[in-house]
Structures are given as C-alpha cells and as structure tokens.
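Each remark here refers to the structure printed beneath this line.
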Amino acid sequence: MIHRQPFGQTGHDSSAIIFGAFAVNRCDQATADRLLMRLMDHGVNHIDTAASYGDSELRVGPWMNHHRDEFFLATKTGRRVYTKAKEEIESSLVRLQTDCLDLIQLHNLVDEEQWDQAMAPGGALEAACDARKEGKVRYIGVTGHGLTVARMHLRSLEAFAFDSVLLPWNYVLWCNAEYRSDFNQLNAVCRERGVAVQTIKGVTRGPWGETPQSRNTWYQPFENQADINRAVHWVLGQDGLFLNSAGDLDLLPRLLAAGSTFRRAPHHDEMEELMASAQMSPLFVE
C-alpha cells in the first residue's frame with residue numbers, strides 16, 4: 001500500500017502518489033473503471049485532473065457516483081479572466097459529476113503577463129474564490145512548468161494564501177543549482193505555511209528528441225521497474241512531497257508498484273549511477 005500523509009492544512013491525508021488523470025484522457029470508460037479498482041487496491045485516494053485534459057474529467061466523473069467520499073478530487077482551470085474561469089469551473093463540476101471540488105488549481109501560471117491577468121480583479125483567482133464562497137470548491141492551488149516555476153510560485157504565495165502548489169522535480173532538476181535553490185526556497189515557505197507540494201515529471205528520462213514518441217507523455221520516461229523505483233523513491237524520500245503519476249496507462253502499474261515498495265530514498269551515488277546508465281538529460285533548458 002502507498003503511504004498517506006497530510007495534504008497541507010486541508011485536513012486530508014492523501015496518498016503520497018497522486019493519480020494524474022491525464023492517463024485516462026483517451027481511453028474508454030471500461031478501461032478507466034478497471035483502473036479505479038487498481039488505484040484503490042494500492043491505497044491511492046487523490047485524483048488530479050484538468051479541464052484541458054481531453055476526456056479525462058468525463059472518464060473520472062462516473063467514478064464519483066459511487067466513490068466520491070473516497071477521493072480527494074482536484075482539477076484545474078487554464079483560463080485567466082473571471083468569466084471564462086467561472087464557466088470552466090462550472091463545466092468541470094458537471095463533467096466530474098460532483099457538486100463540490102476539493103481543489104481547483106490555476107493551471108500553469110508561469111507567464112508574467114498571464115499571472116498579472118489571473119491575479120488581478122476580474123481574473124481567474126477571483127472566480128476560484130467566489131466558487132469557494134459558494135461551496136463549489138474547498139481549496140485553491142496553483143501549478144506550473146519550466147525552470148522559473150518555483151520563483152513564480154513564491155510570487156503567487158506572497159499574493160494569495162494558496163493551499164497547494166505543483167511543479168516539476170526530479171534528480172536532473174536537483175542537479176541544476178539555480179532550480180534546486182528556487183525549489184528548496186519554495187519548499188521551505190510551503191512547510192512553514194502548511195502548503196501542500198505536489199511534484200510532477202518524477203520519472204522523466206529526458207526529451208524525446210529524435211526518438212519516436214511511444215508513450216502518452218511529452219517526455220521520454222523510464223521504462224524498467226528498477227529505474228522507476230529509484231526515481232520514485234528519490235522523490236518520496238523527501239519529507240512531505242507528493243508525486244503525481246505519469247500520464248501513461250501502461251506505466252501506471254509500475255509507478256504504483258514503486259510507491260508501494262518505498263522504504264528509503266536512494267543514496268546520491270545510486271542516483272548518479274542511474275543518471276549515467278539511463279543517459280538522463282534536462283527536460284527544461286530555459
């Protein structure tokens with residue numbers, strides 16, 4: 001079973017591995033339903049999706065008829081102005097077949113111009129706050145990608161008391177001294193304020209480059225169980241961090257197995273060996 005830990009100050013103990021529901025954005029309902037049972041068998045009790053993830057919300061929605069109380073349900077809006085964000089939140093409620101979301105997240109809020117728009121009066125944050133006042137949302141988070149995301153999340157936390165953040169984190173990013181410093185600063189602030197820290201891209205080997213894309217991920221992931229174990233255990237070995245699972249159905253059982261067998265974080269030399277043997281390379285370069 002995958003261990004659980006407090007998700008910030010929400011009062012919910014979430015599984016250390018969160019189900020990244022991008023994985024069901026293209027599958028049929030029967031496949032999605034079988035997946036739900038696998039998640040529950042491993043103790044996963046937190047689902048993360050987004051309005052922009054194809055049919056993901058539509059695949060997750062039918063589960064909520066019978067299992068709503070068993071999952072912390074999170075989605076995202078990528079809209080930046082009030083009216084569009086409000087419409088997207090309302091649509092997500094319908095698609096997910098629930099009258100209340102546990103967490104709505106402002107999706108990929110990294111670009112400074114978009115940040116200004118979303119955080120200003122009449123922006124997406126105001127729509128999320130109104131949804132919370134109306135009882136349609138319980139908590140509000142922010143997500144992002146790229147090398148500037150940790151700094152932007154710090155800016156977001158200074159402007160508003162977000163309940164969670166989400167950003168990339170893996171050993172290659174740790175090797176980037178500037179990103180590591182930004183991440184550690186963000187993580188320290190989050191620990192002090194009780195903000196949940198979700199990480200993504202934990203099993204990234206590198207960009208696809210010239211290799212044909214064979215997975216439902218925009219990066220080339222690790223494939224064999226031993227490598228996935230090291231990558232997953234490295235993230236889970238850092239106190240309080242959550243890891244959102246990769247968006248590929250075939251990889252999910254290996255991620256769940258890695259989460260279920262976690263005992264300790266790999267030593268530095270083990271990760272150096274993995275980086276060399278797997279020829280890991282940075283996914284983000286600017």
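The values are calculated or read from the model by the stated rules, or taken from the named source; none is laboratory data. Predicted, not measured: the structure shown is a model, and the values here were computed from it. Cβ atoms come from the backbone with ideal geometry, glycine included; neighbour counts cover every protein chain shown. What goes into the accessible areas is simple: the full protein's heavy atoms, side chains included, and nothing from ligands, DNA or RNA. Shrake-Rupley method; radii C 1.70, N 1.55, O 1.52, S 1.80 Å.
If you scan region 31-64, which residues turn out to be β-branched (V, I, T) and either crowded, with 16+ Cβ neighbours inside 10 Å or in a strand (DSSP E or B) (or both)?
Of everything in region 31-64, those that are β-branched (V, I, T) and either crowded, with 16+ Cβ neighbours inside 10 Å or in a strand (DSSP E or B) (or both) turn out to be V44, I47, T49, V60.
Inspect region 96-107 for any residue being open to solvent by less than 50 Å² (accessible area, probe 1.4 Å), of a type in the set (D, E) and in contact with a strand residue (DSSP E or B) (Cβ under 6 Å, 6 or more places away or on another chain) and give the result as yes or no.
yes
Do you know which residues across region 218-277 are hydroxyl-bearing (S, T, Y), part of a loop (DSSP other than H, G, I, E, B) and modelled with pLDDT of 95 or more?
Passing the criteria: S245, T261.
Table: residues versus (1) polar (S, T, N, Q); (2) part of a loop (DSSP other than H, G, I, E, B); (3) at pLDDT below 95.
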site	(1), (2), (3)
S92	yes, no, no
D99	no, yes, no
I104	no, no, no
N108	yes, yes, no
W115	no, no, no
A118	no, no, no
E126	no, no, no
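Quick one: in region 115-136, which of the residues that are without any contact (Cβ under 8 Å) to a residue 40 or more places away in the chain and open to solvent by 30 Å² or more (accessible area, probe 1.4 Å) is nearest to M152 (Cα to Cα)?
Going through the qualifying residues, I end up with D116.
What's the number of the only condition in (1) in contact (Cβ under 8 Å) with a residue 12 or more places away in the chain; (2) over 18 Å from the mean Cα position of the chain (by Cα); (3) open to solvent by 20 Å² or more (accessible area, probe 1.4 Å); (4) under 24 Å from V197 (Cβ atoms) that D111 fails to meet?
Failed condition: (1).
Please pick out the residue among N216, N184, N229, N244 that is polar (S, T, N, Q) and surrounded by fewer than 14 Cβ atoms within 10 Å (Cβ to Cβ).
After ruling out the rest, the residue left standing is N184.
Taking the condition of being surrounded by 14 or more Cβ atoms within 10 Å (Cβ to Cβ), part of a helix (DSSP H, G or I) and in contact with a helix residue (DSSP H, G or I) (Cβ under 7 Å, 6 or more places away or on another chain), how many residues in region 156-171 meet it?
Going through region 156-171 one residue at a time, the tally reaches 2.
Among the residues of region 190-217, which ones are assigned to a loop (DSSP other than H, G, I, E, B), closer than 23 Å to V142 by Cα and free of Cβ contacts under 8 Å to residues at least 40 places away in the same chain?
T217
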